[in-house]
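For reference, the structure discussed in these notes is given below.
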């Protein structure tokens with residue numbers, strides 16, 4: 001006799017197909033696979049970052065850099081271009097780590113970690129970047145009308161920083177590695193952790209498992225940015241995680257979350273290079289509750305805009321539409 005866990009995915013397959021958070025139900029059976037996959041992903045991601053940091057340190061040492069200088073460059077206080085580059089590259093390693101876990105543990109093709117059509121939909125990703133830009137403009141207007149929001153908000157006051165060699169190096173790191181860093185975080189949190197949560201709690205039903213698959217990764221995403229952060233800053237990151245998680249499920253892939261994440265980081269780092277400093281931008285600590293209306297403005301406007309555009313573009317939100325979606329080269 002089939003269990004509830006086995007019959008629910010079969011019924012979904014016979015109807016409309018599975019949503020993104022339930023895609024691992026089509027992989028190899030076994031309730032142990034998702035917990036093992038989460039642990040393996042953590043080991044791979046953290047281990048990869050550890051190896052990367054030490055490899056960079058050894059390379060600098062071989063190149064004749066003093067040990068104390070290496071410590072300063074990689075300590076992150078203050079943030080240096082090398083430190084930011086290592087952090088970004090370390091998070092980028094989460095992408096192949098997720099691919100390995102999906103293939104090795106769940107016996108699924110790695111493309112299913114990206115979307116319900118088994119790949120990144122580049123046209124849809126580009127469209128989401130446009131929506132993210134529009135939401136950011138609206139957010140800037142709202143931010144300008146409110147009191148100071150601290151490190152969690154958008155501040156544009158102050159004099160322009162001088163252009164230096166360090167500024168140039170920061171710009172190169174941000175342009176080349178920040179998109180990979182943002183995508184890596186999305187693959188880890190909105191990607192595998194969302195699918196693992198959906199796999200573990202799938203027997204609760206589509207809606208209940210969807211709630212868990214959004215809230216658990218959003219909470220872990222916010223906590224991963226540091227336990228010492230203020231509540232407004234934690235809420236800002238948690239709200240981003242919730243919006244990105246909802247969009248991943250309702251639009252069938254990581255594209256919307258990646259687009260918003262990349263643009264947010266570009267803007268935050270760009271603002272820091274122009275008017276502030278990278279250390280505060282990377283580890284903000286002084287948020288105020290006035291940042292909440294700003295956060296909600298961006299979150300709600302981006303969520304609504306993406307959902308409306310996804311409907312207009314007929315973006316697949318279930319794997320049952322993979323054949324139709326695969327024929328649409330622009331989505």
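The values are calculated or read from the model by the stated rules, or taken from the named source; none is laboratory data. In this text the structure is predicted, and so the values were computed from the model without any measurement. Cβ atoms come from the backbone with ideal geometry, glycine included; neighbour counts cover every protein chain shown.
Quick check: anything in region 280-292 modelled with pLDDT of 85 or more, surrounded by fewer than 17 Cβ atoms within 10 Å (Cβ to Cβ) and either more than 16 Å from residue 238 (Cα to Cα) or out of contact with any strand residue (DSSP E or B) (no Cβ under 8 Å at 6 or more places or on another chain) (or both)? Taking every residue of region 280-292 in turn, none turns out to be modelled with pLDDT of 85 or more, surrounded by fewer than 17 Cβ atoms within 10 Å (Cβ to Cβ) and either more than 16 Å from residue 238 (Cα to Cα) or out of contact with any strand residue (DSSP E or B) (no Cβ under 8 Å at 6 or more places or on another chain) (or both). Per this entry, residue 112 is not counted among residues that are without any contact (Cβ under 8 Å) to a residue 60 or more places away in the chain, under 21 Å from the mean Cα position of the chain (by Cα), in a helix (DSSP H, G or I) and over 30 Å from residue 293 (Cα atoms). For region 184-191, indicate whether the set of residues that are under 22 Å from residue 76 (Cα atoms) and at pLDDT 95 or above is non-empty. Within region 184-191 (the criterion being under 22 Å from residue 76 (Cα atoms) and at pLDDT 95 or above), the answer is yes, since at least one residue qualifies.
Sort through 57, 89, 75 and tell me the only one that's touching a helix residue (DSSP H, G or I) at 6+ places or on another chain (Cβ under 8 Å), over 19 Å from residue 190 (Cβ atoms) and surrounded by 19 or more Cβ atoms within 10 Å (Cβ to Cβ).
On the way: 57 fails: surrounded by 19 or more Cβ atoms within 10 Å (Cβ to Cβ); 75 fails: surrounded by 19 or more Cβ atoms within 10 Å (Cβ to Cβ).
Selected residue: 89, the only one of 57, 89, 75 that is touching a helix residue (DSSP H, G or I) at 6+ places or on another chain (Cβ under 8 Å), over 19 Å from residue 190 (Cβ atoms) and surrounded by 19 or more Cβ atoms within 10 Å (Cβ to Cβ).
The single condition from (1) surrounded by 19 or more Cβ atoms within 10 Å (Cβ to Cβ); (2) within 23 Å of the chain's Cα centre (by Cα) that residue 17 fails is (2).
Against the condition touching a residue at least 60 places away in the same chain (Cβ under 8 Å) and outside any helix (DSSP H, G or I), how does residue 79 come out, does it pass? Lay out the reasoning, then the answer.
Working: touching a residue at least 60 places away in the same chain (Cβ under 8 Å): yes; outside any helix (DSSP H, G or I): yes.
In short, yes.
Every listed requirement among (1) surrounded by fewer than 16 Cβ atoms within 10 Å (Cβ to Cβ); (2) touching a strand residue (DSSP E or B) at 6+ places or on another chain (Cβ under 7 Å) is met by residue 308 save one, (2).
When residue 144 is tested against the conditions (1) within 24 Å of residue 272 (Cβ to Cβ); (2) in contact with a helix residue (DSSP H, G or I) (Cβ under 9 Å, 6 or more places away or on another chain); (3) at pLDDT below 95, the lone failure is (2).
The set of residues in region 219-257 that are within 19 Å of residue 292 (Cβ to Cβ), touching a helix residue (DSSP H, G or I) at 6+ places or on another chain (Cβ under 6 Å) and outside any helix (DSSP H, G or I) contains only 225.
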